[in-house]
Amino acid sequence: MTTRFPEPAVPAGSTPLAARLRELVAAAPGAPAVSDGDTVLTRAELDARTNRLARAFAARGVVRGDLVSIALPNVVAHVECSVAAWKLGAVPQPLSARLPPSEKDAVLSVAAPALIVDEPVDASGHDDAPLPDVVGPSWKAPTSGGSTGRPKVIVAGQAACVEQALGRVDGLRIDRDGVFLCTAPLHHNAPYMFSLMALLQGHHVVLMQRFDAARTLELVGAHGVTWLYVVPTMMSRMLRLPPDHWTDAELGSLRTVLHVGAPCPPEVKRGFMDRVGPETVLELYSGTESQAGTVIDGREWLAHPGSVGRVVRGAMKVCDAEGAELPPGEIGEIWMRSEGMPTYHYLGAVAHARDGWESLGDMGSFDADGYLYLADRRSDMILVGGANVYPAEVEAALAAHPEVTDAVVVGVPDDDYGRTVHAIVAPAPGAGPGLADRLREHVGARLSPYKTPRSYELVDHPLRDDAGKVRRSELAEARAGRR
């Protein structure tokens, strides 16, 4: 079948992902492969069940190169669907199980999958014998992790073989036969990708059906977790747990705590390193498109606080609005370029490109030593009387206040300045009255006057989803309408 995207070259002798799973079964058939708190599958059980499921998919018309959309919550069946797709040479395409019908329809119109799995598929009656090995044209196709714009599907540029899908595994410290705790929804690229990479490395993949700060610490000890995925919002919630949760936690098994997904407030980063050790903490900056990336561990971060690291893959540069590269210390738009084969292909979108370089809309600066510091997304920047305000900087100042659980900053229309800064704050439990006044004083002592919020709004609901994502444009639009 001819796919809707170019296929990468696959050298002869490459190992299909299904063959890798059979190797793991042969090594330890009874070892746990994936669990979700309700269901536990061994390696042998996962292999047999996904053979049956792949045949059930084939009976519904799925062939090599097709997309299979998976709109399930964080359960074992989600992982089974991805593996079954690989066994047919199809491409798994994760979707949120909670998407409103209009948003879901918009994504599906772009993806045009051969099959949509939004409830468990009955594979009983199908043979569980191995299928013929096949290498699919891509090993995953998540939707955009961004909060604005039209839906787009990002088809990975790596084929569904070990040599390409696991090409970055060493830099991420996903070693062999560990235990991976997935804390975030599988419809987001990072937790989805890391879960599948860990599975292929022989890890026991432990899925949290919903993030809970205290439960996360319990699961690390209960399963001997070696590799933990978190986002800054989760880290902040965990640090706010009563001290006895950390005192009782058994964290000695942890070898890596990786955080990604959003800028991490320095206080949160330091707090986590104090509890698990700086050598354990790893931060990654990249997009789902994966043209380039930076990495930094905790020890290196202490020498370069606030940085997301140096470029370890691909190439990056920071440019002004006209495309001229900026010197160290100056904030501009981050442009990326992959090395070698394309790292992705869009369905439903066109890359924002210039002279062979691409931008995801992020802003930042490099220092003289080549360390990257993020500012914000271009679309989130607030222009206040001609001055640039980066929400992440203001949000970090707000989050440093002990009475704040989370904060999101947006720009709202103003007749005088064009826009001013508006802070939406989720107070911490026990926060007293008059919090907005205390925040004005707190932020005013840390930021320039034009960066400080002119208005505050206190809310009693979470501002971000379980993956740390926030729909900032929707929040801004709603508040602009009120004004």
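The values are calculated or read from the model by the stated rules, or taken from the named source; none is laboratory data. Only a predicted model underlies this, so the values are computations on that prediction, with no experimental measurement involved. All Cβ positions, glycine included, derive from the backbone under ideal geometry; neighbour counts span all protein chains shown.
Among all residue pairs at least 6 apart or on different chains, which show Cβ distances below 6 Å where the first residue, located in region 6-25, is small (Gly, Ala, Ser) and the second is surrounded by fewer than 19 Cβ atoms within 10 Å (Cβ to Cβ) and in a helix (DSSP H, G or I)?
Filtered contacts from region 6-25: SER14/GLU163.
Here is a check on your reading of the model: is ARG419 charged (D, E, K, R) and more than 26 Å from MET235 (Cβ to Cβ)?
Yes: the conditions hold for ARG419.
Do we find a residue being outside any loop (DSSP other than H, G, I, E, B), touching a Ser or Thr at 6+ places or on another chain (Cβ under 8 Å), of a type in the set (S, T, N, Q) and farther than 30 Å from LYS152 by Cα anywhere in region 212-223?
yes
Name the single residue, out of those in region 36-50 being touching a helix residue (DSSP H, G or I) at 6+ places or on another chain (Cβ under 7 Å) and hydroxyl-bearing (Ser, Thr, Tyr), that is surrounded by the most Cβ atoms within 10 Å (Cβ to Cβ).
Across region 36-50, the extreme among qualifying residues is THR50.
Among the candidates PRO6, PRO92, single out the residue that is under 26 Å from the mean Cα position of the chain (by Cα) and in the same structural domain as ILE154 (by TED's automatic domain parsing).
Being under 26 Å from the mean Cα position of the chain (by Cα) and in the same structural domain as ILE154 (by TED's automatic domain parsing) holds for just one of PRO6, PRO92, which is PRO92.
Six or more apart or on different chains, Cβ atoms under 8 Å: show the pairs whose first residue is in region 390-402 and within 20 Å of MET234 (Cβ to Cβ) and whose second is among the small types (Gly, Ala, Ser) and not in a helix (DSSP H, G or I).
Taking only residues 6 or more apart or on different chains, the pairs are ALA392/ALA262; ALA392/ALA375; GLU395/ALA407; LEU398/ALA407; LEU398/ALA423; ALA399/ALA407; PRO402/ALA428.
So that you can scan it fast, the table gives a plain yes or no per residue for (1) outside any loop (DSSP other than H, G, I, E, B); (2) more than 24 Å from GLY361 (Cα to Cα); (3) among the small types (Gly, Ala, Ser):
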{"position": "TYR192", "(1), (2), (3)": "yes, no, no"}
{"position": "ALA198", "(1), (2), (3)": "yes, yes, yes"}
{"position": "VAL205", "(1), (2), (3)": "yes, yes, no"}
{"position": "MET238", "(1), (2), (3)": "yes, yes, no"}
{"position": "GLY252", "(1), (2), (3)": "no, yes, yes"}
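List the residue pairs whose Cβ atoms are under 8 Å apart, where the first residue sits in region 214-225 and is of a type in the set (Lys, Arg), the second is assigned to a loop (DSSP other than H, G, I, E, B), and the two are 6 or more positions apart or on different chains.
Taking only residues 6 or more apart or on different chains, the pairs are ARG215/MET208.
Is there a residue in region 464-478 that is surrounded by fewer than 18 Cβ atoms within 10 Å (Cβ to Cβ) and either β-branched (Val, Ile, Thr) or closer than 23 Å to SER307 by Cβ (or both)?
No.
Considering only region 128-136, I want to know if a residue exists there that is touching a strand residue (DSSP E or B) at 6+ places or on another chain (Cβ under 9 Å), modelled with pLDDT of 95 or more and over 13 Å from ALA84 (Cα atoms).
Scanning region 128-136 turns up no residue that is touching a strand residue (DSSP E or B) at 6+ places or on another chain (Cβ under 9 Å), modelled with pLDDT of 95 or more and over 13 Å from ALA84 (Cα atoms).
Are there any strands (runs of 3 or more DSSP E) wholly within region 270-386 with 2 or more residues that are surrounded by fewer than 17 Cβ atoms within 10 Å (Cβ to Cβ) and free of Cβ contacts under 8 Å to residues at least 12 places away in the same chain, and if so which?
352-354
For region 414-430, indicate whether the set of residues that are aromatic (Phe, Trp, Tyr), without any contact (Cβ under 8 Å) to a residue 40 or more places away in the chain and part of a strand (DSSP E or B) is non-empty.
no
Inspect all residues belonging to region 410-423 and state whether any of them is surrounded by 13 or more Cβ atoms within 10 Å (Cβ to Cβ), over 19 Å from SER379 (Cβ atoms) and at pLDDT 90 or above.
No, because not a single residue in region 410-423 is surrounded by 13 or more Cβ atoms within 10 Å (Cβ to Cβ), over 19 Å from SER379 (Cβ atoms) and at pLDDT 90 or above.
Looking at GLU80, GLU103 in this structure, which one is assigned to a helix (DSSP H, G or I), touching a residue at least 24 places away in the same chain (Cβ under 8 Å), surrounded by fewer than 20 Cβ atoms within 10 Å (Cβ to Cβ) and acidic (Asp, Glu)?
After applying the criteria, what remains is GLU103.
How many residues are over 15 Å from VAL408 (Cβ atoms) and loosely packed, with under 15 Cβ neighbours inside 10 Å when one looks only at region 447-458?
Residues in region 447-458 being over 15 Å from VAL408 (Cβ atoms) and loosely packed, with under 15 Cβ neighbours inside 10 Å: 2 in total.
Write out, first by first residue and then by second, each pair whose Cβ atoms fall under 8 Å of each other, whose residues are 6+ apart or on separate chains, and whose first residue, in region 112-137, is on the phi < 0 side of the Ramachandran plot and surrounded by fewer than 17 Cβ atoms within 10 Å (Cβ to Cβ) while the second is part of a loop (DSSP other than H, G, I, E, B) and at pLDDT below 95.
Within 8 Å, the pairs are ASP118/ALA97.
Here are TYR456, TYR450: which of them is among the aromatic types (Phe, Trp, Tyr), touching a residue at least 24 places away in the same chain (Cβ under 8 Å), at negative phi and not in a strand (DSSP E or B)?
It is TYR450.
Being within 20 Å of the chain's Cα centre (by Cα) and modelled with pLDDT of 95 or more is the filter; apply it to region 174-189 and report the residue that is nearest to ARG310 (Cα to Cα).
My answer is ILE174.
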